[in-house]
Amino acid sequence: MKQIYICYLPADSVLLNQNWLNSAAAWFAGTPSDGRSKPMIHVELFFSDGTTNGNVLNGKSCGIHYNGKVFLEPKRFSNTLWQCKGKTVTDAAYNDLYERCSARVGDSFAKGSYFCGLPKGKNEWYCSQLVGYSLRESGIFDLSDDECSHPEKLYMALAPHTFTHTIRDLSLLQI
């Protein structure tokens, strides 16, 4: 069994550019229904390679940024900036999810559908669609297209099925 991590940025994250696009994404999501003050407006998948740097897990992140390309690159997540949720999956599901992400590297941001409501092309994604569809196609979660349409919707759909995680190897922490 392996862990997958779904890592979110809330609208007030210092990692996000303060621009109209992020403000629009937060406005579109509305007020979170679970008591959080800000909605999630970005999401990535994290695959730990099982090694640590200090007590922080190393691995690769799969995601896409506005007007960019899908990436699967080394990354470390700070639990003070990212809100990460974990899920235990079979080795086969983990490998399938990783392969699906690998196959999408280089795909484009769905700019036309983001602004104009045009149908999304086969190799075009928003961050939440990339993550949600990958999880769905791997058989890890049964998600609707609507639940994959925005990071906040994905967060709420997965909340009952995931656990909060710090992206740290807790066995290495000194108590």
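The values are calculated or read from the model by the stated rules, or taken from the named source; none is laboratory data. Not measured: the values here are computed from a predicted model. Backbone-built Cβ (ideal geometry, glycine too); neighbour counts: all protein chains shown.
Do the conditions hold for residue 45, that is, is it part of a strand (DSSP E or B), surrounded by 12 or more Cβ atoms within 10 Å (Cβ to Cβ), in contact with a Lys or Arg (Cβ under 6 Å, 6 or more places away or on another chain) and at pLDDT 95 or above? Here the answer is no, as residue 45 does not meet what is asked. The C-beta contact set for the stretch 1-16 (first residue touching a residue at least 60 places away in the same chain (Cβ under 8 Å) and crowded, with 17+ Cβ neighbours inside 10 Å, second residue among the β-branched types (Val, Ile, Thr) and not in a strand (DSSP E or B), distance under 8 angstrom, 6+ apart or interchain) comprises 2/90; 4/140; 5/167; 6/131; 6/162; 7/167.
Does at least one position in the stretch 5-15 carry a residue that is among the aliphatic types (A, V, I, L, M), part of a loop (DSSP other than H, G, I, E, B) and over 20 Å from residue 148 (Cβ atoms)? Yes. Exactly one residue out of 46, 77, 28 is over 14 Å from the mean Cα position of the chain (by Cα) and in contact (Cβ under 8 Å) with a residue 24 or more places away in the chain: that is 28.
Only residues that are more than 22 Å from residue 16 (Cα to Cα) and of a type outside the set (A, V, I, L, M) were counted across the stretch 59-95, and they come to 7. Kindly provide the set of residues from the stretch 66-84 that are modelled with pLDDT of 95 or more and out of contact with any Lys or Arg (no Cβ under 7 Å at 6 or more places or on another chain), ordered by number. Of everything in the stretch 66-84, those that are modelled with pLDDT of 95 or more and out of contact with any Lys or Arg (no Cβ under 7 Å at 6 or more places or on another chain) turn out to be 69, 71.
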